[in-house]
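Read-outs throughout are calculated quantities, based only on the coordinates presented, and are distinct from any laboratory measurement. Everything quoted here is computed from the prediction, not taken from an experiment. Please note: Cβ atoms are built from the backbone with ideal geometry, for glycine as well, and neighbour counts cover all protein chains shown.
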């Protein structure tokens, strides 16, 4: 019952709050104007992050009804909340006034540091061919910083066409729910994933092509930070999350390398992302979004049905080789 309550709360909250966010954006001038790098042709509200974050928080509050067996989990949830407030606030400012890349990166670092201070740390990873690998404290902190900041930028850069980032995160949250509830039997973690899934699905009603509102930087950073933290709270299932979000992660890595090789800043926006390339090849926004959804769902199924870390590593290597070859062919056309 609590599972359904949390999901429905997030869903209904997003459905109710998103129209209010649209009106607020129009009133305050927080509109995304058409530009050469943009794919939309009319001014569109950018305050979707407000409804996403509030919907998630409301459902998160409802989930606290469920008793926690781990006394440290409430501290970790506080880290999720306060870190989320940081990235949301800075992202919302960027949506209204526009910030340079460095202040945004600083906010991401602060949010990740808050999570780490709350005990959200990747202390161990499963060795694909042996026992658990336990990290020294300093290295665990570095790995966690890299993971959380990487997740935030992955979703932020993925948010390039209507419904793409929200839908991919919704599928990833669904996979995290199934993994937490049915495989690991961690009901309290499953509730967090359901809150995230409900908020993103409700938001998608307004964000799917043709979008009536964008999530903006605020929404994208929150949708990167939340699953990044939840995956660690749920036992550092980094391999599972990487497999589900493999194509967006690979695209970000590819873009960074390409920009550095071209002598550009890694944070300089352009139309080099895979979804933009597919648009340039003539695919419609709807087609690209559904391709991403299908790939994410397939990778999610692999993450659920491959029981061992070694199997997931092999899958990542095989898929990675194929994806790199495909990316190379697309980008050289």
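Shown for 245, 221, 54: other C-beta atoms within 10 Å of each C-beta, ranked fewest to most, produce the order 54, 245, 221.
Each part gets one Cα centre, and for the range 260-281 versus the range 144-223 those centres are 23 Å apart.
Under a no-solvent Debye model with one identical scatterer per Cα of the chain, what's log10 I(q)/I(0) at q = 0.10 Å⁻¹? The calculated log intensity ratios at q = 0.10 Å⁻¹ are -0.54. Counted by neighbouring Cβ atoms within 10 Å, the residues 87, 143, 120 run from fewest to most as 143, 120, 87.
The slack between residue 142 and residue 260, meaning 0.36 nm per residue of separation minus the straight C-alpha distance, is 40.3 nm. Spin-label model, residue 82 to residue 253: label points 7 Å out along the Cα-to-beta-carbon direction sit 3.3 nm apart.
Please rank 122, 230, fewest neighbouring Cβ atoms within 10 Å first, as an exposure proxy.
122, 230
Computed from the C-alpha gyration tensor, the three semi-axes of the ellipsoid equivalent to the range 127-178 are 29, 16, 8 Å, from longest to shortest.
Pairs of Cα atoms under 8 Å, at least six residues apart: use those to get the relative contact order of the chain, whole percent.
24
Overall shape of the range 86-179 was characterised from the C-alpha gyration tensor. The equivalent ellipsoid obtained from it has semi-axes of 27, 20, 10 Å, in decreasing order. Under Stokes-Einstein, with the Kirkwood radius over Cα pairs as Rh, the value for the range 42-88 at 20 °C and 1.002 mPa s is 174 µm²/s.
Per residue of the chain, the DSSP helices (runs of n ≥ 4 H) give a summed -39500 (n - 2.57) that works out to -24000 deg cm²/dmol at 222 nm. Packing, as the average of other Cβ atoms within 10 Å across residues, places the peptides 161-174, 63-76 in the order 161-174, 63-76, highest first.
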